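The next block holds one structure in the form of structure tokens; read it before the comments.
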Amino acid sequence: MTDKGWVVKAAKQPMVLETVDLGPLGAEDVEVAVEHCGVCHSDLSVLNNDWGISQYPAILGHEIVGRVTAVGPSAKARKVGERRRRVELG
């Protein structure tokens, strides 16, 4: 599966919109159609490699609002169609 995302390729570089290969949905994965996304201070720390542990390429913005569109067979906590006001994506 592919989708578009804002990707940062190196520390302190601008994000660029790219098509990203997300791979297949895993057994415990949940697919969310993102409606809104925020970039918080920790995202900026990853962007700038402030903690010295950032890995690139990276897609920032882990605080989102969206609808669950698919659920892996072992993912028990979410249901297709459910709208989440805030989801922490890891």
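The values are calculated or read from the model by the stated rules, or taken from the named source; none is laboratory data. Keep in mind that what you see is a predicted model, and the values were worked out from it rather than measured. Neighbour counts run over all protein chains shown; Cβ positions are idealised from the backbone, glycine included. To get the accessible areas, we keep the full protein, side chains included, count just its heavy atoms, and leave off ligands, DNA and RNA. Shrake-Rupley method; radii C 1.70, N 1.55, O 1.52, S 1.80 Å.
Restricting the trypsin sites (Lys or Arg not before Pro) of the chain to loop positions (DSSP other than H, G, I, E, B) with no more than 13 neighbouring Cβ atoms within 10 Å leaves 9, 12, 76, 79. Working note: Cα atoms of the chain, range along each principal axis, descending, whole Å: 37, 24, 22. Considering the options 16, 66, 26, tell which one lies farthest towards the positive end of the dipole of the chain, charges being +1 on Lys and Arg and -1 on Asp and Glu at the Cβ, about the Cα centre. It is 66. Summing charges over neighbours of residue 72, with a neighbour being any other residue whose Cβ is under 11 Å away from its Cβ, gives -1 when K and R count +1 and D and E count -1. Close amide H pairs (under 5 Å, H built 1.01 Å from N) link residue 20 with 3, 4, 5, residues at least 5 positions away or on another chain.
Overall, the accessible surface of the chain at a probe of 1.4 angstrom is composed of carbon and sulfur to the extent of 53 percent. For GluC sites (Glu not before Pro), the sites in region 23-73 that DSSP calls loop and that have at most 16 other Cβ atoms within 10 Å are 28. Each Lys or Arg adds one and each Asp or Glu subtracts one; over the other residues with Cβ under 14 Å from the Cβ of residue 2, this totals -3.
Placing a label point 7 Å from the Cα of residue 54 along the Cα-to-Cβ direction, the residues of region 1-24 whose backbone N falls under 13 Å of that point are 7-16. Per-residue extension of 0.36 nm, minus the Cα-Cα distance of residue 9 and residue 82, leaves a gain of 23.1 nm for this segment.
Within straight-line reach of residue 9, meaning a Cα separation under 18 Å, sit the following aspartates and glutamates at least 8 residues removed in sequence or on another chain: 18, 21, 43, 50.
Accessible surface calculations at 1.4 Å, restricted to protein heavy atoms, place the chain at 71 Å² per residue. Rounded, prolate or oblate: which fits region 1-48 when a ≥ b ≥ c are the square roots of the eigenvalues of the alpha-carbon gyration tensor, with rounded for a/c under 1.5 and prolate only if a/b beats b/c? In terms of gyration-tensor shape, prolate.
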